[in-house]
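S.K.: Sharing a structure, written as structure tokens. Questions coming.
The values are calculated or read from the model by the stated rules, or taken from the named source; none is laboratory data. These figures come from a predicted structure and were not determined experimentally. Heads up, the Cβs are rebuilt from the backbone with ideal geometry, glycines too, and the neighbour counts pull from every protein chain shown.
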Amino acid sequence: MTSPNLRLGTRKDWMEFFGEPPHNSSRTIVGEVDGEIVGICGLRYNDGFMTAFSCLNEKGAKYKFSIMKAGKMLLDMFEKHPGIIMAIAEPELPTSSRFLERLGFVFMHDSEDGRVYRWHGSR
């Protein structure tokens, strides 16, 4: 199994993965296997907050080591954006809370969308 190539994403990558242009300003990292984008993560400005996000397709979910590597790349991205970064752990993904906590996010409260986390400051 070929490991994904992790690289900075472009607007074109966003369009290819989501099928529509981004609604807000974003900075992304994509995972690509044999020319196919299998995952995208990063930061986007959303509802007045800087928000961390990640999305994987079925193929992308198989690459656990690359997911952690992308997480480390996200930490470098976080360091360049001082201030609070928000994230929501997806209820359908049981390991999403643990992943956010490994990145240094702190649980704040539950919401109808999932568990809300925040990240602030250096590692």
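S.K.: Among the residues of the range 6-14, are any modelled with pLDDT of 90 or more and among the β-branched types (Val, Ile, Thr)?
M.R.: Our first condition is that a residue be modelled with pLDDT of 90 or more; within the range 6-14, this holds for 6-14.
Then drop every residue that is not among the β-branched types (Val, Ile, Thr), which leaves 10.
Within the range 6-14 (the criterion being modelled with pLDDT of 90 or more and among the β-branched types (Val, Ile, Thr)), the answer is yes, since at least one residue qualifies.
S.K.: Here are Lys64, Lys59: which of them is within 26 Å of Arg11 (Cβ to Cβ), more than 11 Å from the chain's Cα centre (by Cα) and charged (D, E, K, R)? Talk me through it step by step, then tell me what you get.
M.R.: On the way: Lys64 fails: within 26 Å of Arg11 (Cβ to Cβ).
Within the list Lys64, Lys59, the selection yields Lys59.
S.K.: May I pose another question? Among the residues of the range 1-21, which ones are assigned to a loop (DSSP other than H, G, I, E, B) and either surrounded by fewer than 19 Cβ atoms within 10 Å (Cβ to Cβ) or touching a helix residue (DSSP H, G or I) at 6+ places or on another chain (Cβ under 6 Å) (or both)? Don't jump to the end; show me each part of the working.
M.R.: Quick first cut of the range 1-21, residues assigned to a loop (DSSP other than H, G, I, E, B) only: 1-4, 9-10, 19-21.
Residues satisfying the conditions are Met1, Thr2, Ser3, Pro4, Thr10, Gly19, Glu20, Pro21.
S.K.: Examine the range 90-97 for a residue that is assigned to a helix (DSSP H, G or I), of a type in the set (Ser, Thr, Tyr) and over 18 Å from Ser3 (Cβ atoms), and state whether such a residue exists.
M.R.: Checking the range 90-97: at least one residue is assigned to a helix (DSSP H, G or I), of a type in the set (Ser, Thr, Tyr) and over 18 Å from Ser3 (Cβ atoms).
S.K.: Looking only at the range 28-82, which residues are in contact with a Leu (Cβ under 7 Å, 6 or more places away or on another chain) and aliphatic (A, V, I, L, M)?
M.R.: Ile29, Val38, Met50, Ala52, Ala70, Met73, Leu74, Leu75, Met77
S.K.: List every residue pair whose Cβ atoms lie under 6 Å apart, where the two residues are 6 or more positions apart in sequence or sit on different chains, the first residue falls within the range 65-94 and is touching a residue at least 24 places away in the same chain (Cβ under 8 Å), and the second residue, located anywhere, is among the acidic types (Asp, Glu) and not in a strand (DSSP E or B).
M.R.: Ile88/Asp113
S.K.: Another question, then. Looking only at residues in the range 35-46 that are touching a residue at least 24 places away in the same chain (Cβ under 8 Å) and closer than 16 Å to Leu75 by Cα, which one is surrounded by the most Cβ atoms within 10 Å (Cβ to Cβ)?
M.R.: The residue in question is Ile40.
Table: residues versus (1) surrounded by 13 or more Cβ atoms within 10 Å (Cβ to Cβ); (2) of a type in the set (D, E, K, R); (3) over 18 Å from Gly42 (Cα atoms); (4) within 13 Å of the chain's Cα centre (by Cα).
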residue: Pro82; (1), (2), (3), (4): no, no, no, no
residue: Ala87; (1), (2), (3), (4): yes, no, no, yes
residue: Pro94; (1), (2), (3), (4): no, no, yes, no
residue: Phe99; (1), (2), (3), (4): yes, no, no, yes
residue: Glu112; (1), (2), (3), (4): no, yes, yes, no
residue: Val116; (1), (2), (3), (4): yes, no, no, no
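S.K.: Please state which one of Glu58, Glu32 is modelled with pLDDT of 95 or more and either of a type in the set (Asp, Glu) or buried (at least 16 other Cβ atoms within 10 Å of the Cβ) (or both). Talk me through it step by step, then tell me what you get.
M.R.: On the way: Glu58 fails: modelled with pLDDT of 95 or more.
From the options Glu58, Glu32, the qualifying one is Glu32.
S.K.: Picking from Phe65, Phe49, Phe53, which residue would you name as being aromatic (Phe, Trp, Tyr) and buried (at least 16 other Cβ atoms within 10 Å of the Cβ)? Break it down into steps so the answer makes sense when it comes.
M.R.: Values: Phe65 fails: buried (at least 16 other Cβ atoms within 10 Å of the Cβ); Phe49 fails: buried (at least 16 other Cβ atoms within 10 Å of the Cβ).
Within the list Phe65, Phe49, Phe53, the selection yields Phe53.
Every residue, every condition in (1) out of contact with any Asp or Glu (no Cβ under 8 Å at 6 or more places or on another chain); (2) part of a loop (DSSP other than H, G, I, E, B), yes or no:
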position	(1), (2)
His23	yes, yes
Ile37	no, no
Tyr45	yes, no
Ser54	yes, no
Met77	yes, no
Leu100	yes, no
Asp110	yes, no
Val116	no, no
